[in-house]
Amino acid sequence: MRDIRLVNISLLAKWRWRLLTKNGSLWKNVLQDKYGDGVAALEVSSGGIRSSVASNWWKDLMKLEGGGGDGWLVTEVVHKVGDGMNTSFWKDRWHSEEVLCNLYPRLYALSTNKNVMVGELGITSGEGRDWEFTWRRTLFEWERVTL
Amino acid sequence: MAEGFSGLMRNAVDRNIFKGFEVKRGGVTLSHLQYADDTLCIGKASVENLWTLKAILRGFELVSGLKVNFHKSCLIGVNVPPDFMERACSFLNCRQGSVPFMYLGLLVGDNPRRVETWEPLVDHLRRRLFSWGNRYISLGGRIVLLNLVLNSIPIFYLSLMKMPAKVVKLIVSLQRNFLWGGVMGGRRRLCWVKWSKVCQPRLKGGL
């Protein structure tokens with residue numbers, strides 16, 4: 001037997017998923033015009049949206065993850081890197097199970113470009129990919145090893 | 001056919017004789033929505049728009065040979081003075097609609113947080129379950145019926161609207177009563193297994 005509440009939540013979560021994946025559809029454009037470009041982000045901040053103009057449907061969608069705190073949608077969705085221009089190197093989960101800024105906090109603190117995208121950072125040379133990091137200072141030898 | 005109408009509308013919008021609904025200044029403009037045989041025209045409430053709309057509909061009739069059924073059509077005003085609406089309706093020859101209206105099988109503009117909104121759904125489920133035909137179904141049969149019928153009826157509603165906790169409770173109690181008591185109902189039956197256990201996957205002991 002299915003739990004009707006869970007069915008409801010999963011079906012509504014599909015809207016969030018469609019917001020992430022379906023680019024250029026009319027209803028998404030409408031939502032983006034009404035609530036700003038942030039609607040297509042993983043973590044939608046409902047604080048920026050004036051509740052007086054938001055429809056009940058949208059408010060329900062925002063409260064899907066229980067309101068406040070860590071949304072489960074963020075922790076469940078993984079980025080698949082295409083050209084890498086939409087994937088944040090440090091802050092999206094794309095390489096491993098954890099975001100890189102949590103995995104290597106020390107390197108993250110040293111990097112000068114914290115919002116860099118995967119596509120901007122990587123340089124295709126020959127067959128492999130090289131990463132062109134910019135650091136605040138030259139790394140110590142032991143830090144280089146962790147790369 | 002629908003494509004033809006769509007083209008007419010788009011042309012009218014491009015020529016600026018029909019003003020659609022702008023979500024934000026300079027943003028996406030909506031003028032019409034079509035799905036199968038349902039058409040929804042959206043625009044600013046102005047005399048010019050009404051003239052254009054009438055001309056487009058008439059032109060479409062002449063070109064396609066189809067006729068618009070004005071008895072099935074209605075005009076709905078959002079923040080429009082009532083006297084304007086009245087004149088507009090007599091001009092277009094159609095009924096005046098009010099805001100919760102049926103579109104693609106769902107009520108548009110209805111508040112999903114009110115329990116009354118969900119009444120038709122609950123009634124539908126109740127009719128399906130507690131009908132005469134289901135009187136002599138065994139427990140196993142009832143499980144199959146619940147799984148197949150009950151889980152598919154509400155899906156369309158659930159894919160758009162968040163169900164209030166009260167309605168969830170109501171439907172779960174319907175399901176539970178039917179599972180353990182059958183159609184006869186009346187006196188309370190014992191529920192041998194708690195509902196959260198019933199909802200588990202079958203491998204984990206659910207039904």
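Coordinate-derived values only; no laboratory data. These numbers come from a predicted model, not from an experiment. In this analysis, Cβ positions are derived from the backbone assuming ideal geometry, glycine residues included, and neighbour counts consider all displayed protein chains.
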What does the structure give for B:152-161 when I average, per residue, the other chain Cβ atoms found within 10 Å of the residue Cβ? 4
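How would you rank B:His124, B:His32, going from fewest to most other Cβ atoms within 10 Å of each one's own Cβ?
Numbers: B:His124 13, B:His32 20.
Ranked by crowding around the Cβ, least crowded first: B:His124, B:His32.
Nearest 0.05, what FRET efficiency do B:Glu86 and B:Trp180 give at R0 = 56 Å with Cβ-Cβ as r? Mind dumping the intermediate values first?
Values: r = 55 Å, r/R0 = 0.99.
Taking R0 as 56 Å, the efficiency between B:Glu86 and B:Trp180 is 0.50.
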To the nearest Å, what is the center-to-center distance of segment B:92-107 and segment B:16-69, using C-alpha atoms only? 15
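What does the extension gain come out to for B:Glu119 and B:Ala55, with contour length at 0.36 nm per residue minus their alpha carbon separation?
Here the segment from B:Glu119 to B:Ala55 would lengthen by 19.0 nm.
Please tell me which of these pairs span more than 21 angstrom C-alpha to C-alpha: A:Lys59/B:Lys162; B:Lys19/B:Lys54; A:Lys28/B:Lys166; A:Lys28/B:Lys162? Each step should come with its number before you reach the end.
Working: A:Lys59/B:Lys162 10 Å; B:Lys19/B:Lys54 14 Å; A:Lys28/B:Lys166 31 Å; A:Lys28/B:Lys162 19 Å.
With Cα atoms farther than 21 Å apart: A:Lys28/B:Lys166.
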Between the modelled labels at B:Leu107 and A:Leu6 (7 Å from Cα along Cα→Cβ) the distance in nm is 3.0
Compute the label zone of B:Tyr136 within segment B:166-182: residues whose backbone N is under 19 Å from the point 7 Å along Cα-to-Cβ. B:181-182
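Can you tell me the order of B:102-115, A:22-35, B:166-179 when each peptide is scored by its average per-residue count of other Cβ atoms within 10 angstrom, highest first? The partial results should precede the final answer.
Working: B:102-115: 13.3, A:22-35: 14.9, B:166-179: 17.9.
Output ranking for B:102-115, A:22-35, B:166-179: B:166-179, A:22-35, B:102-115.
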At B:Val144 and B:Ser73, where each label point lies 7 Å from the Cα along Cα→Cβ, what is the point-to-point distance in nanometres? 4.9
